[in-house]
1. Need one value for A:832-845: mean number of C-beta atoms belonging to other chains within 10 Å of its residues' C-beta atoms.
2. For chain A, the longest stretch holding no GluC sites (Glu not before Pro) located in a DSSP loop with at most 10 other Cβ atoms within 10 Å is which?
3. Neighbour counts of other C-beta atoms within 10 Å: give me A:836, A:621, A:681 arranged from fewest to most.
4. What trypsin sites (Lys or Arg not before Pro) does segment A:138-202 have in DSSP loop regions with at most 10 other beta carbons within 10 Å?
5. With everything on Cα atoms, drop me the angle between helix A:237-249 and the longest principal axis of chain A, reported from 0 to 90° to the nearest 10.
6. Rounded to the nearest 0.05, what FRET efficiency do residue A:477 and residue A:248 have when you use their Cβ-Cβ distance and R0 = 35 Å?
7. How far apart, in nm, are the 7 Å Cα→Cβ label points at residue B:19 and residue A:731?
8. Provide the net charge surrounding residue A:847, with neighbours chosen by a C-beta distance below 12 Å and charges set as Lys +1, Arg +1, Asp -1, Glu -1.
Amino acid sequence: MSWSSRLPRLTRSRVIAGAVVLVLVAGLVGWAAWPESRDWTSEDQMITVPTGPGGSGSVSLDTRLYLPKDHDDKVPAVLLAHGFGGTKESVSDDAESLAGRGYAVLTWTAQGFGRSGGQIHLDSPDYEVRDAQGLLDWLAARKEIRTDATGDPRVGVVGGSYGGALALMLAAQDPRVDAIVPSITWNDLSNVFLQQSASTEATGVFKKGWAGVFFGNGGSDASSEALANPACGRFAADICAAYLQVATTGVPDQKTLDLLRKSSPAPVLSKIKAPTLLVQGEVDTLFPLSEADANAKGIAAAGTPVRVAWFTGGHDGGAGPQTDQDRVKFLTVQWLDHYVKGEGDKPSDSFTYSRVAGFSALDRGLVTNGYSTDAYPGLGGTGSTQISLQGSAQPIANPPNGNPGALSSLPGTGGRLSTLLAGVAADIPGQFAAFDSGPLPEAVDVAGAPAVRLRAASPTGEATLFVKLYDVDQQGAETLSAGLIAPVRLTGLPSSISEAEPVTVTLPAIVRQIDKGHSVRVVVATTDQAFLSPTEPATYTVAVEPALTLPTVVGEPIANPQTVWRYVLAGLLLAIALGLAVVLLMRRRRLRRQHTPTELEYADTPLVVKGLRKAYGDGFVAVEEISFTVERGQVVGLLGPNGAGKTTTLRVLMGLTMPTAGEALVFGHRLVPGSPVLSRVGALVEGPGFMPHMTGWENLQAYWKATGRPVEDAHFDEALAIAGLGDSVHRRTRKYSHGMRQRLAIAQAMLGLPELLVLDEPTDGLDPPQIAEMRRVLKRYATDGRAVLVSSHLLAEVEQTCTHAVVVNKGRIVASGPVEDIVGESPSVQIEVSDVPAASRVLSDLGVRSVTPDGPSGLIVDVNGTPRSEVIASLVRAGVDVDRVVPRRRLEDAFLALVGESSAGSGDR
Amino acid sequence: MSVLSSPPSAGATGYRPSRTLPIWAEVRRQASRRRTQGALGFMVLLPLIVLVAFAFGGNGDDESEGSAFGSLVDLATSGGLNFALFCLAVSAGFLLVVVVALFCGDPVASEAGWGSLRYLLAIPVPRARLLAVKLIVALLYSLAALLTLTVTALIAGTIRYGWHPLGSSVAAEIPPGQGLLRILGVAGYLAVSMLIVAGIAFLLTVLTDAPLAAVGGAVMLWILSSILDQITALGGIRNILPTHYSDAWMGLLSTPAQVDDLVKGAIAAICYATVCWSLAFWRFTRKDVTS
């Protein structure tokens, strides 16, 4: 057997189906793999710009300019700055997106990073900011860039974190900047790294976790040539010295403070004239919302348009959920389009923010809802809720070197929103005091910086404390919103709590809904791993005043574009319902038509087969052309060798197969699959088919149930009598012998006493007495106007059972008619004699029509009306011994000849 | 017209195409099968096995990666609602798929295999009706399996762990009454998302005579889709994978419930099921039944 014969044959429909699938798959893959058509071009080059105080030095910057592909005029520009530790590559996505919107985008690697030269000066006005001014000069000289005046390009500055502060400071230093979008950036580095949340003049607490991450990022550039100093990496000497100083002691000297102030937008905010969109992250322990708040206030004070947006993300939370990213992107583009490109309406002053609404199973991230208010409310909210806390003054211990330390956030791990919100917070027993509220009667939508008043006493007169606000659920599980805590460093404290003056502690601004029934817990702790706490052990006493102020904002929910899918779903369901209704209506109409006889002249004829032909899809012709009729009262035998096309004909009669040509009419109704007239036909085709897990009786019952006809019409008793299974009828059919199944199948075919019974090889598997009984049953069955069609490959079967016979071979009818006619005696007789020549002579004299020798001692004689007895008597009188006289039958002649010649070539039909 | 001996209707007395193969008859045909009884029985057994496993398992110290699923394990013993949620969650990925594929991939192919399909068609049960009844009953059994699992888990979990709020690590606790609705919502979404399995399995059962091929094929396609869905490099194609939204029910655990992904998942499931079933009907009403 060759392998190719096992493959499915190629037919037209298979080729078409295969081609369609192939095209679909190819299209899908192509669609996914096809490179997006770029609507921009880019060029990389090193640009040398003046740098240092007075522009005395120069530095070579690694830049890339993106230009929109199809631009007729000069285009506005965007200077896109990267974050700390990044390069021009880290902002390529944003750059491509802006270039696609018709901006020339210049990205560059800040000095001290990547392939650019120079050192890290922390956005120093003399270095990084001056570099950017050089880039503005360069842009102004490019012929593609739109200019406001000679040397003044139309330009916006966009950047996050390190790049955000650069945008602010560049706008302050260079009036050529037309708009800026600084995000997740700082206002004052001295406040960022020496954070002080209490209303006191004392220096804050050193944020050692983040400072280390920052410093590590700048020093870890192994490829740089600046590795001469392993302690400082590519940091400029003054920055490095300042870091080492403050990281060692935790208390900055004046030089360090000056340096941090110089690298901050805070002192120069009033000079910013470029409209500013400030984007700040709600999950950001490095640059919390208060930094943007300070920037917003400073810039607005100078009369410059400022807009603020918060998103659920930041240095701890990453880019945030997709809805937030989309919103920030929309705001940015709107801002640039109006203030730089000069397109679109003036952006409104509305303030937008987002609040965690739940958990998205698909992105394994958080889902946020966006809200909007008409104006930026600041960190105090538009309203506030007072909550009273309980708890008396408690002593808490500061361990030496702040170890072990409480955990609130994991600086530098970035982007683990869900981790942070699931809460990594852990307090160390003995090191914290907790002050609880009762369960909240109503949910509170906190948006802003909560405030409490704290009293502390210390034997050393100083205390470093960390104040946190927990949301505590009914089970007592506490969540620290965004991992944000308020570090407090107090000086001049009394040693007794009773003498302590309260100070106001402003907790970090958060956006959170504290659910109804939850309570609020304010914790005052002595340590936190993100901050540097005093090395000397001490025990403080702390007390929190009962009043906790929670600022609230009631924002308008921003419509969620996802809700459109609900309408899609509703529309889909409606369309399916409509489609189904149409299909059902059409079907009902078609079914109704089937009830009228298609040919009235045959309305009383059980079966008329006319010119039936069946060719299969692979070209095999099972039935060439078959026509016959079954009248009432007839038992018609469909006789033919295996593969003659009998079963295929019967399959068409049962509506299992559609004929290629011709038709079969049952009581005048043309047969199509499911023709109602089939209910007047009982059938056994291709062997029995029963559910093996049911008994014979249950199978008959189940079959009759499926007809939907009344039980009394079934005539189960008659059917069971015919099956003759006795008690075995209550055994499962899987245990039946072949003969038992066959009898049960005949009984099933006779259920309801159908007017036409079609049986395919009914005696298959029956023993001789059962066959004899079956013949009687079938003959009797046809007597009262019913008809039976039996197929068989056994001549004797047809001869003894049927009134009429149809002989088929190779898909064609070779003989048909009443059995008496075609099975009845033929005029010829086979005679075996002792002396053939003598017998021939005698017979010729008798006047028979022909004498043909048949074997050594046989003769086939066409007696031509002469009685057989007379023929025999003549032979005997002539002294010829007669061994055997066999009457011949016409059908046998034909059938045996057919089988003999065809059995080699016939396939399984 | 009284000369005509044939009845006014084309069929035998009492025969009405719309009365053939009543739904109840098909329910009984399937009910006596070991396969049906086994699958439904296992739905009762599974929560009990899980219950026993929790009882004997003690406090395992498996670190549960802080994922949403990890928290489901941690919280499974916190109350009947959480126990039911856990049982649904562990079944959603594979067990339910197999059970639904079994109920929907078997009915036509097994009748074809036994040879009884041709006798049903010769009754004649109209082909579209046969398929519709088979489909409806298969869906009813699938739904019964899901409900059996949910109800058993709810009852067993509540008896063992009590009637407590529905907890999760992603949102505030949900009070028991509302929590019950959420659990039913999860079960309902699982039912909708299983329509995809039902669709594929039912299409296959029409195309093949081997029940195993239909059931196995549907399960394998589901697994293939799950694997592809893990490959983020496929980008947008993942959104149209049948399994892409299979975890969206977790959105029901947060407060307020996140239904956007559920809606998209329902759209995907209904589209897949409609296409598969349409193809199945189109094919079955035209094909030559040769088995």
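1. 0
2. Between the exposed loop sites, the longest stretch runs A:443-909.
3. With the fewest neighbours first, A:836, A:621, A:681 line up as A:621, A:836, A:681.
4. Taking segment A:138-202 and a limit of 10 other Cβ atoms within 10 Å, the loop trypsin sites (Lys or Arg not before Pro) found are A:143.
5. In chain A, helix A:237-249 runs at an angle near 90 degrees to the longest axis.
6. 0.35
7. Here the modelled spin labels are 3.6 nm apart.
8. -2
Read-outs: derived from the displayed coordinates by stated rules, not from any lab. Since we're looking at a predicted model, the values are computed, not measured. We place every Cβ from the backbone using ideal geometry, glycine too, and count neighbours over all the protein chains shown.
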